[in-house]
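Data first, discussion second: the structure below is written as structure tokens.
The values are calculated or read from the model by the stated rules, or taken from the named source; none is laboratory data. Computed from a predicted structure; not experimentally measured. All Cβ positions, even for glycine, are placed from backbone atoms using ideal geometry, and neighbour counts span all protein chains on display. We work out accessible area using only protein heavy atoms, side chains counted, and drop any ligands, DNA or RNA first. Shrake-Rupley method; radii C 1.70, N 1.55, O 1.52, S 1.80 Å.
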Amino acid sequence: MTELQDELKTFKAEVSSSVNEWQELRRSNRNWDGGLTIATILLTLTTTVIGVEGIKMDEATRRLAIGICGGLVVAIQSIGNAFPVKQRAGGYRLLQGQGYALQSRTGYLQSDEEIIKELPGMREEFYKLLTDASKLEA
């Protein structure tokens, strides 16, 4: 195996590692978004049910429960604004797709001439993806 083939193999491993990391980050952010959304819906429904007049509950307890549920909904929405997990999940999905495309392109490089011609541009593209990934967490 030539030195260029080794360099290509190393590059493929770097891209693969990043794509796997982006996939995990996408899943994590997607799961957090889903959890926050479900919690908001359940708390809103609970607040609505507690507020129904026909339910047997003393007024002080009703007000306290509505206040707690409402406060939790606001807190969850604030968390969603402070940590935009839905947007991050979408960003990681795009990075993952671009990473897969880059991985695929490396598979077509066979000769040393092709590697010399294409690898520098692919590296530049990969470093741009890494920069974009770091911006998602900022």
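Data for the structure
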read-out: Between 0 and 90°, nearest 10: helix 59-82 axis offset from the chain longest Cα axis; value: 20
read-out: Surrounding net charge for T47, when Lys and Arg each add one and Asp and Glu each subtract one, Cβ distance under 15 Å; value: +1
read-out: Carbon plus sulfur fraction of accessible area for the chain, probe 1.4 Å, in percent; value: 61
read-out: Cβ crowding within 10 Å averaged over residues, with 44-57, 101-114 ranked highest first; value: 101-114, 44-57
read-out: Whole-Å distance, taken between Cα centres, linking segment 6-68 and segment 87-117; value: 31
read-out: 0 to 90° range, to nearest 10: angle between helix 112-136 axis and the chain longest Cα axis; value: 20
read-out: Solvent-accessible surface ranking, highest first, for L25, L64 at 1.4 angstrom; value: L64, L25
read-out: Solvent-accessible area per residue, Å², over the chain with all protein chains present [probe radius 1.4 Å]; value: 65
read-out: Radius of gyration, Dmax [the chain; alpha carbons; angstrom]; value: 24.4, 81
read-out: With Cα atoms, 0 to 90° folded angle of helix 3-50 axis to the chain main axis; value: 10
